[in-house]
Amino acid sequence: MEISISVNGTQTGGDVAPRTLLVHYLRDNLGLTGTHVGCDTGYCGACTVIVDGRTVKSCTMLAVQADGRSIETIEGVAVGDELHPVQEGFWECHGLQCGFCTPGMIMSSIALLDNNNDPSEAEVRHGIEGNLCRCTGYHNIVRSVQYAGAKMRGEDPQGASQGVSS
Amino acid sequence: MYPANFEYVVPSSLHEALTVLSESENAKVLSGGMSLIPLMKMRLVRPTTVVDISRLPGLDTITDEGDHIAIGALVKHAETGSNALIREYATALAQAAGVTADIQVRNQGTTCGSIAHADLAADQPAAVLALGAVMVADSVRGQRQIPAADFFVDTLTSALADDEILVGIDIPKGGRSAYAKLGRRGGDSDYPIAGAAVWIQGTDGSVADARIAVTGVSSKPYLASAAAEAVIGGNGSSDAIATAASHATDDVVVLEDLYGSVEYREHLAGVYVKRALEDVLA
Ligand SMILES: Cc1cc2nc3c(=O)[nH]c(=O)nc-3n(C[C@H](O)[C@H](O)[C@H](O)COP(=O)(O)OP(=O)(O)OC[C@H]3O[C@@H](n4cnc5c(N)ncnc54)[C@H](O)[C@@H]3O)c2cc1C
Ligand code: FES
Ligand code: FES
């Protein structure tokens, strides 16, 4: 089936088999390998992308379902060499270890902060409930998201990310 | 994991969708895909035709119809969980939708899809049972209404025929309701090991009528009528609540799996009936 999908602002498309999963369309057809396949069952969130403003798990969506929609992936969040505040937060606060969950974590965190740029620790943990991390124990991920929130609010990000209790 | 090949149909009207379903041997409705796509990837389901209803116009609304609230087929869990009408008139369903799966799944999965899928441990079926909702099913043969109490037949089996689409759910107004669960991972996210929805009607603490539904413990979500009888006609005393909780699994076969033994599930069913009752009577 012929599809047309906007990915990070660029119109993409082509003929895909209906059974092609969105994550494979992104990785194999477009070469955007930042979106990871972790569990392939809908549970881990490593494949999270933003479709028309809402996070979805791209391993559990067909590319044909995304026809005509607008998608953001991890490749689209930085502006040139300038990291997105959430990327900077993960960098500054050591929000990753192996990094496998990180692209999905960042997409969920961006969606969270778009709705609420001053989330409490509980709100951050709730906002990333659909993303599993085997390495960090989530503590530094929470700090990273709060760092990004402060930066987006125009406050001192170093101060904001210290507040999370250990 | 890839699904087996299938023909993908995007109908432009409900009539077209129903016609395709009536003419196909092995067709499946695709809505949010949060249950169907995993099943197709594991090749547990191999439809030859997939009818994607998610772009059908006019089915994504929640409306106040006077004596009931109408939820369209395409309303997603996230919307059901946050919508003001559902929160006011169908609190248990709003609560159940709000704790169904995780944010990404709630952004994509639909309330009607969860009901039609009829998983033995799904959250929202318990709420529609307790609320006395009516399922509206449509096919080329015509529309019919199915009371929630008759809708859940067995594990992954509803009263819908293969050529029918669940086009909406009507929830009668009146009374108060609540839902409580223990998810498999401890918190709310993920399917319940046990969950309970309760609905009561009455004034000043007296309980004139009640329905209590339990999910996650048996082969399907069910109405625990002995539990409801324990609170009907009373004043919601802690004794009555304790008695209701002790009848949470009467007349059903409690199943066990890696998340919990029969004894543990019987215990949890009572605990969550109690918590939901305390919430609604508070
Ligand atoms: C990671 C993960 C966690 C989950 N956790 C939970 C949880 O905690 N609690 C819970 O209750 N559920 C959970 N689910 C299931 C989720 O709620 C699904 O969204 C829901 O079961 C199906 O809704 P859907 O719209 O995605 O339907 P689909 O997956 O598109 O369809 C499911 C089935 O219902 C049929 N169907 C769908 N819509 C209709 C309709 N309108 N008329 C007729 N038939 C229809 C389809 O043919 C198919 O057989 C989880 C799913 C995932 C992937
Ligand atoms: S790879 Fe999609 S949820 Fe794990
Ligand atoms: S950093 Fe390794 S899984 Fe999260």
Return the FRET efficiency for the residue pair B:ASP251, B:ARG185: r is the Cβ-Cβ distance, R0 is 35 Å, and the value is rounded to the nearest 0.05. 0.75
Once you sort the root eigenvalues of the Cα gyration tensor of chain B as a ≥ b ≥ c, which label holds: rounded (a/c under 1.5), prolate (a/b larger than b/c) or oblate (the other case)? prolate
Long-range amide H contacts for B:ASP60: which residues qualify at under 5 Å (H placed 1.01 Å from N, peptide plane, sequence gap of 5 or more or a different chain)? B:LEU74
In sequence order, calculated HN-Hα J values of the range A:55-70 (Karplus, 6.51, -1.76, 1.60; Hz; x Gly/Pro): 6, 9, 9, 6, 7, 10, 9, 7, 4, 5, 5, 8, 4, x, 9, 10
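Determine the shielding of peptide A:125-131 by partner chains: average, over its residues, the number of Cβ atoms on other chains within 10 angstrom of each Cβ. Working shown, then result.
Numbers: counts 1, 5, 2, 2, 12, 9, 3.
Across A:125-131, the average partner-chain Cβ count within 10 Å equals 5.
Evaluate peptide B:95-104: per residue, the Cβ atoms of other protein chains within 10 Å of its Cβ; return the mean as an integer.
For this peptide, the per-residue mean of nearby foreign Cβ atoms is 5.
Enter the buried accessible area of the B/A pair, total of both sides, probe 1.4 Å, in Å² rounded to the nearest 100.
That pair hides around 2600 Å² of surface in total.
Is the C-alpha gyration tensor of the protein assembly as shown telling us rounded, prolate or oblate? Criteria: a/c under 1.5 is rounded; beyond that, a/b larger than b/c is prolate, otherwise oblate. Walk me through the numbers on the way to the answer.
Numbers: a/c = 1.97, a/b = 1.26, b/c = 1.56.
Oblate is the answer for the protein assembly as shown, as a/c is 1.5 or above yet b/c matches or exceeds a/b.
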Simple label model, 7 Å out from Cα along Cβ direction - A:ASN117 to B:THR243, nm: 5.8 nm
Report the residues of the range B:181-220 in range of a label on B:ASN235: point 7 Å along Cα→C-beta, backbone N strictly under 14 Å from it. B:203-208
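Output the peptides A:39-48, B:261-270, B:94-103 sorted from most to least packed, where packing is the average of other Cβ atoms within 10 Å over each peptide's residues. Intermediate values should be presented prior to the final figure.
Details: A:39-48: 22.4, B:261-270: 18.1, B:94-103: 25.6.
Result, highest mean first: B:94-103, A:39-48, B:261-270.
Quick check on chain A: helices-only [θ] at 222 nm, where DSSP H runs of length 4 and up contribute -39,500 (n - 2.57) each and the sum goes over total residues. Nearest 500, please. Please list the in-between numbers first.
Details: 5 runs with 50 residues, N = 166.
Taking each H run of at least 4 residues, the total per residue is -9000 deg cm²/dmol.
For the range A:85-157, compute Rh as the Kirkwood radius over C-alpha pairs and then the Stokes-Einstein diffusion coefficient at 10 °C and 1.306 mPa s; write the answer in µm²/s, rounded to an integer. List each step's numbers first, then the result.
Numbers: Rh = 11.6 Å.
Rounded, D is 137 µm²/s.
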For the range B:195-206, 3J(HN,Hα) per residue [Karplus equation, 6.51 cos²θ - 1.76 cosθ + 1.60, θ = phi - 60°, Hz, x = Gly/Pro]: x, 9, 10, 10, 9, 9, 10, x, 10, 6, x, 7
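Take peptides B:81-89, B:50-58, B:141-149 and line them up by average Cβ neighbours within 10 Å, highest first, as a rough protection proxy. If you can, show how the numbers build up before the last one.
Details: B:81-89: 16.9, B:50-58: 18.8, B:141-149: 13.7.
Order by mean packing, descending: B:50-58, B:81-89, B:141-149.
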Tally of Lys pairs whose C-alpha atoms are under 29 Å apart, taken over the protein assembly as shown, 8 or more apart or cross-chain: 22
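So if we plug the beta-carbon distance of B:ALA84 and B:ALA226 into 1/(1 + (r/R0)^6) with R0 = 30 Å, what FRET efficiency do we get, rounded to 0.05?
Working: r = 35 Å, r/R0 = 1.15.
Working from the Cβ atoms, E equals 0.30.
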Taking H placed 1.01 Å from N in the peptide plane, check which residues at least 5 places from B:SER158 or on another chain put their amide H under 5 Å from its amide H. B:VAL153
What number, rounded to the nearest 500 deg cm²/dmol, is the helix-based mean residue ellipticity at 222 nm of chain B, given -39500 (n - 2.57) per DSSP H run of at least four residues and division by all its residues? -9000 deg cm²/dmol
Long-range amide H partners of A:VAL7, meaning residues 5 or more apart or on another chain whose placed amide H is closer than 5 Å, are A:THR12, A:ILE71
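Please say if the range B:37-162 is rounded, prolate or oblate, where rounded means a/c under 1.5 for a ≥ b ≥ c the square roots of the C-alpha gyration tensor eigenvalues, and otherwise the choice is prolate for a/b larger than b/c and oblate otherwise? Don't skip to the answer; put the middle values down first.
Numbers: a/c = 1.44, a/b = 1.25, b/c = 1.15.
The shape class here is rounded.
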Give a residue-ordered list of calculated ³J(HN,Hα) values for the range A:101-113 (Karplus: 6.51 cos²θ - 1.76 cosθ + 1.60, θ = phi - 60°; whole Hz; x for Gly, Pro). 7, 4, x, x, 4, 5, 5, 5, 5, 5, 4, 4, 6
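Calculate the mean, over all residues of peptide B:45-52, of how many other protein chain Cβ atoms lie within 10 angstrom of the residue's Cβ. Provide the component values of the computation, followed by the final result.
Values: counts 0, 0, 0, 0, 0, 5, 0, 5.
The per-residue average across the peptide is 1.
The values are calculated or read from the model by the stated rules, or taken from the named source; none is laboratory data. Quick caveat, the model's predicted, so the values are computed rather than measured. Glycine gets a Cβ as well: all are built from the backbone with ideal geometry, and neighbour counts include every protein chain shown. When the accessible area is computed, the model is the full protein with side chains, heavy atoms only, and any ligands, DNA or RNA have been set aside. Shrake-Rupley method; radii C 1.70, N 1.55, O 1.52, S 1.80 Å.
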